[in-house]
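**Student:** Before I ask anything, here is the structure I am working with.
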Amino acid sequence: MTDTSPGSATAAGSAAAWTPSLRELERRAVRRRLRRRSLLVASGLVVLVLLALGVAITSSPGWPNVKELFFSWEHAKAVFPDVLDGFWLNVRLFLICEVVILVLGLLVALARVARSPWLAPVRVLAVVYTDLLRGIPTLLLVLMLGFGMPALGLQGVPISGTFWAGVALVLSYSAYVAEVFRAGIDSVHPSQVASAQALGLSRPQALRFVVVPQAVRRVVPPLLNDFVSLQKDTALVSAVAVFDAVFAARDYAAYNFNYTPYVVVAAFFVVLTVPLARFTDWLQRRWLARERAGQL
Amino acid sequence: MSALLEVRGLRKTYGDRLVLDSVDLDVRAHDVVCLIGSSGSGKSTLLRCLDLLEDVDDGTITLGGVEISDPLVDPREVRKRVGMVFQAYNLFPHLSVLDNCTLAPRRVHGDSRAAAEERALGLLDQFGLAEHARKHPDRLSGGQQQRVALVRALCTGPDLLLLDEITAALDPELVGEVLTIVRDLAAAGTTMVLATHEMAFARDVATKVCFLHQGRILEQGPPDQLFTAPREDRTRQFLARVLPTAG
């Protein structure tokens, strides 16, 4: 057997001296070409599909009518300020509800995974709560609370429809979010709890410092899903005569016999949700890069 | 006889960190090549490069006369011929032992279910795992799981087997049962490249031992020579640390 020990003469510090071989340069050129080709195919296909869709829609017989009814520039301009005002309410509602939902959802999830006998009643309550509230259509909840609670005429209970519509959203979505959190908590391997307890942490501490932080990262995508859904469902408050973006649009549409406002509102919602989705993607990639660096 | 696997001037970096530096390695059919060296010396990375799990930064890898480090080569075609076993078993927990073993033969090699299962059951039986075929991997001990992982890699009938510290995660008393299998495979003429910390095993089974230090193969040779009369100081120091009796 002929064995060589290549280049052992310069064992260290050869990083600076290295220049890519011809083969490597060639290989990089090929990789570049392959990347360029797939980029070209991807963008070409996207343009082609969009073009085909555009042609298919605009060449349909009813297109001129639809264009006038849904995509009228004048109506869009006219309704824009009202929708913007209304949309501000949707955004505020969303931001406030989101925070409350995160907290309430996590509390309900924790109640459901609690082991302490003292918390048994809370656990039962949490189960009943999620079962019941996930089962009721959100719109019905908004209607019942939005019209029902002020009608009770109780002293000290707010009579604002907006408030109760918000409460309805919080109650409904917290039930969903609680289940998402619980799935995340269950997905953390039991050995993590064991090693936390081996360090002397109590079970609540293990949950607080070890399990929940890992669970939260895993459930960010489904949570985002629920929040995008919540952003859209803030539109349901228009059902209890709260003057949000959808109510403004409906108002305008009813007076002018034109549905462009709905498209304008839809655009508002899309503009709000897309950046959130991109931000979450970015966050996730950063976590992954940090925690899985160099692992299998 | 020309080599089955030829590595020339292999270089791999992660950012600024140089992990493999001008690595040359020849593996002929029926060779058992043991990679030794301290953690971080590049053993695992070398194996991952050989299986095209990493893009190399320079140098060439040739398998059976074809340069597989070429970007135009489909890595899946290479992996049909190369089996790999990982330190942490990496069995699929949602599949039974048998399904773990028949996944690639059925989905990649297009074998019929019956043929794939017959072959897998034969191998499982050979390695004393027949009774566990219908169980899920998490029910098995670490040693059993690693044996299943070996069987899974063997089920596709690879020309070359890459073993990445397959006993490093096992209890000492379970190491033996896995190494016995590798020993049997070596005796049967299976071509293998394995990263290992088991020096006694390497000395026993290897046809060639490579000592890696800071991403370079500092010294390679038949085990008798490398373990008893190493040329390099670094090799001597390493061996003195891992086998105090050999010093």
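Yes/no per residue for (1) on the phi < 0 side of the Ramachandran plot; (2) at pLDDT 90 or above; (3) surrounded by fewer than 17 Cβ atoms within 10 Å (Cβ to Cβ):
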residue: A:Ala194; (1), (2), (3): yes, no, yes
residue: A:Val211; (1), (2), (3): yes, yes, no
residue: A:Ala215; (1), (2), (3): yes, yes, no
residue: A:Phe227; (1), (2), (3): yes, no, no
residue: A:Ala254; (1), (2), (3): yes, no, yes
residue: A:Phe257; (1), (2), (3): no, no, yes
residue: A:Ala277; (1), (2), (3): yes, no, yes
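**Student:** Can I ask one more? Return a yes/no flag: does the range B:206-216 have any residue that is in a loop (DSSP other than H, G, I, E, B), β-branched (Val, Ile, Thr) and within 13 Å of chain A (Cβ to nearest Cβ).
**Tutor:** Among the residues of the range B:206-216, at least one is in a loop (DSSP other than H, G, I, E, B), β-branched (Val, Ile, Thr) and within 13 Å of chain A (Cβ to nearest Cβ), which makes the answer yes.
**Student:** Among the residues of the range B:217-245, how many are away from chain A (no Cβ under 13 Å), touching a residue at least 40 places away in the same chain (Cβ under 8 Å) and in contact with a helix residue (DSSP H, G or I) (Cβ under 9 Å, 6 or more places away or on another chain)?
**Tutor:** 3
**Student:** Kindly indicate the residue of the range B:91-101 that is touching a helix residue (DSSP H, G or I) at 6+ places or on another chain (Cβ under 7 Å) and within 14 Å of another protein chain (Cβ to nearest Cβ) and also surrounded by the most Cβ atoms within 10 Å (Cβ to Cβ) among those meeting that condition.
**Tutor:** The qualifying residue surrounded by the most Cβ atoms within 10 Å (Cβ to Cβ) is B:Leu91.
**Student:** Go through the range B:228-241 and give me each residue that's part of a helix (DSSP H, G or I), closer than 17 Å to B:Leu35 by Cβ and either at pLDDT 90 or above or not assigned by TED's automatic domain parsing to the domain that holds B:Glu198 (or both).
**Tutor:** Once the filter is applied, which keeps residues that are part of a helix (DSSP H, G or I), closer than 17 Å to B:Leu35 by Cβ and either at pLDDT 90 or above or not assigned by TED's automatic domain parsing to the domain that holds B:Glu198 (or both), the range B:228-241 yields B:Arg234, B:Thr235, B:Phe238, B:Leu239.
**Student:** Looking at the range A:255-268 only, could you name the residues that are touching a helix residue (DSSP H, G or I) at 6+ places or on another chain (Cβ under 6 Å), assigned to a helix (DSSP H, G or I) and not hydroxyl-bearing (Ser, Thr, Tyr)?
**Tutor:** A:Pro261, A:Val263, A:Val264, A:Val265, A:Phe268
**Student:** Can you tell me which residues in the range B:29-44 are free of Cβ contacts under 8 Å to residues at least 40 places away in the same chain and within 11 Å of another protein chain (Cβ to nearest Cβ)? Don't jump to the end; show me each part of the working.
**Tutor:** So in the range B:29-44, the residues free of Cβ contacts under 8 Å to residues at least 40 places away in the same chain come out as B:39-40.
Once the filter is applied, which keeps residues that are free of Cβ contacts under 8 Å to residues at least 40 places away in the same chain and within 11 Å of another protein chain (Cβ to nearest Cβ), the range B:29-44 yields only B:Gly40.
**Student:** Oh, and also: Tell me, please, whether a residue that is assigned to a helix (DSSP H, G or I) and not hydrophobic (A, V, I, L, M, F, W, C) can be found in the range B:154-167.
**Tutor:** Among the residues of the range B:154-167, not one is assigned to a helix (DSSP H, G or I) and not hydrophobic (A, V, I, L, M, F, W, C), which makes the answer no.
**Student:** Please count how many residues of the range A:240-251 are open to solvent by 40 Å² or more (accessible area, probe 1.4 Å) and touching a residue at least 40 places away in the same chain (Cβ under 8 Å).
**Tutor:** Of the residues in that region, 4 qualify.
Here's the yes/no breakdown for (1) outside the structural domain of B:Asp24 (by TED's automatic domain parsing); (2) open to solvent by less than 50 Å² (accessible area, probe 1.4 Å); (3) farther than 22 Å from B:Ser44 by Cα:
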residue	(1), (2), (3)
B:Ile61	no, yes, no
B:Asp70	no, yes, no
B:Arg76	no, no, no
B:Leu103	yes, no, yes
B:Arg106	yes, no, yes
B:Ala116	yes, yes, yes
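**Student:** Related question: For the range B:45-58, which positions are over 23 Å from B:Thr207 (Cβ atoms) and within 12 Å of another protein chain (Cβ to nearest Cβ)?
**Tutor:** B:Leu53, B:Glu54, B:Asp55, B:Val56, B:Asp57, B:Asp58
**Student:** Of everything in the range B:29-43, what is open to solvent by 30 Å² or more (accessible area, probe 1.4 Å) and in contact with a Phe, Trp or Tyr (Cβ under 9 Å, 6 or more places away or on another chain)? Give them in sequence order.
**Tutor:** Hit for the range B:29-43 is B:Ser38, nothing else.
**Student:** Here is a further query. Of the conditions (1) surrounded by fewer than 13 Cβ atoms within 10 Å (Cβ to Cβ); (2) in contact (Cβ under 8 Å) with a residue 24 or more places away in the chain; (3) part of a helix (DSSP H, G or I), A:Arg115 satisfies every one except a single condition; which number is it?
**Tutor:** (3)
**Student:** Do the conditions hold for A:Ser195, that is, is it in contact with a helix residue (DSSP H, G or I) (Cβ under 6 Å, 6 or more places away or on another chain) and among the hydroxyl-bearing types (Ser, Thr, Tyr)?
**Tutor:** On the way: in contact with a helix residue (DSSP H, G or I) (Cβ under 6 Å, 6 or more places away or on another chain): no; among the hydroxyl-bearing types (Ser, Thr, Tyr): yes.
No.
**Student:** Name, by its number, the condition in (1) farther than 19 Å from A:Val177 by Cβ; (2) open to solvent by less than 20 Å² (accessible area, probe 1.4 Å); (3) without any contact (Cβ under 8 Å) to a residue 12 or more places away in the chain that does not hold for A:Val79.
**Tutor:** (3)
**Student:** Got a number for residues in the range A:279-296 being open to solvent by 90 Å² or more (accessible area, probe 1.4 Å) and not in a helix (DSSP H, G or I)?
**Tutor:** 3
**Student:** When you go through B:Leu163, B:Leu170 one by one, which is the residue that is surrounded by 16 or more Cβ atoms within 10 Å (Cβ to Cβ), without any contact (Cβ under 8 Å) to a residue 40 or more places away in the chain and more than 11 Å from chain A (Cβ to nearest Cβ)?
**Tutor:** B:Leu170
**Student:** Hey, among A:Leu140, A:Leu169, A:Leu199, A:Leu152, which residue is hydrophobic (A, V, I, L, M, F, W, C) and touching a residue at least 12 places away in the same chain (Cβ under 8 Å)? Explain how you work it out, then say what you get.
**Tutor:** Values: A:Leu140 fails: touching a residue at least 12 places away in the same chain (Cβ under 8 Å); A:Leu199 fails: touching a residue at least 12 places away in the same chain (Cβ under 8 Å); A:Leu152 fails: touching a residue at least 12 places away in the same chain (Cβ under 8 Å).
The match here is A:Leu169.
**Student:** Kindly evaluate B:Arg17 against the criterion of being open to solvent by 20 Å² or more (accessible area, probe 1.4 Å), away from chain A (no Cβ under 12 Å) and either free of Cβ contacts under 8 Å to residues at least 60 places away in the same chain or over 21 Å from B:Leu163 (Cβ atoms) (or both).
**Tutor:** Judged against the criteria, B:Arg17 is not a match.
**Student:** Does the range B:135-147 contain at least one residue that is assigned to a helix (DSSP H, G or I), buried (at least 23 other Cβ atoms within 10 Å of the Cβ) and small (Gly, Ala, Ser)? Spell out how you get there, then give the answer.
**Tutor:** To start, the set of residues in the range B:135-147 that are assigned to a helix (DSSP H, G or I) comprises B:137-139, B:142-147.
From the residues that got through so far, the ones that are buried (at least 23 other Cβ atoms within 10 Å of the Cβ) too are B:145-147.
Now drop any that are not small (Gly, Ala, Ser), which leaves none.
There is no residue in the range B:135-147 that is assigned to a helix (DSSP H, G or I), buried (at least 23 other Cβ atoms within 10 Å of the Cβ) and small (Gly, Ala, Ser).
The values are calculated or read from the model by the stated rules, or taken from the named source; none is laboratory data. Fair warning: this is a prediction, and the values are worked out from it, not measured in the lab. For neighbour counting, all protein chains shown are included, and Cβ atoms are generated from backbone atoms with ideal geometry for every residue, glycine included. Quick note on the areas: whole protein, heavy atoms, side chains included, nothing else; ligands and nucleic acids left out. Shrake-Rupley method; radii C 1.70, N 1.55, O 1.52, S 1.80 Å.
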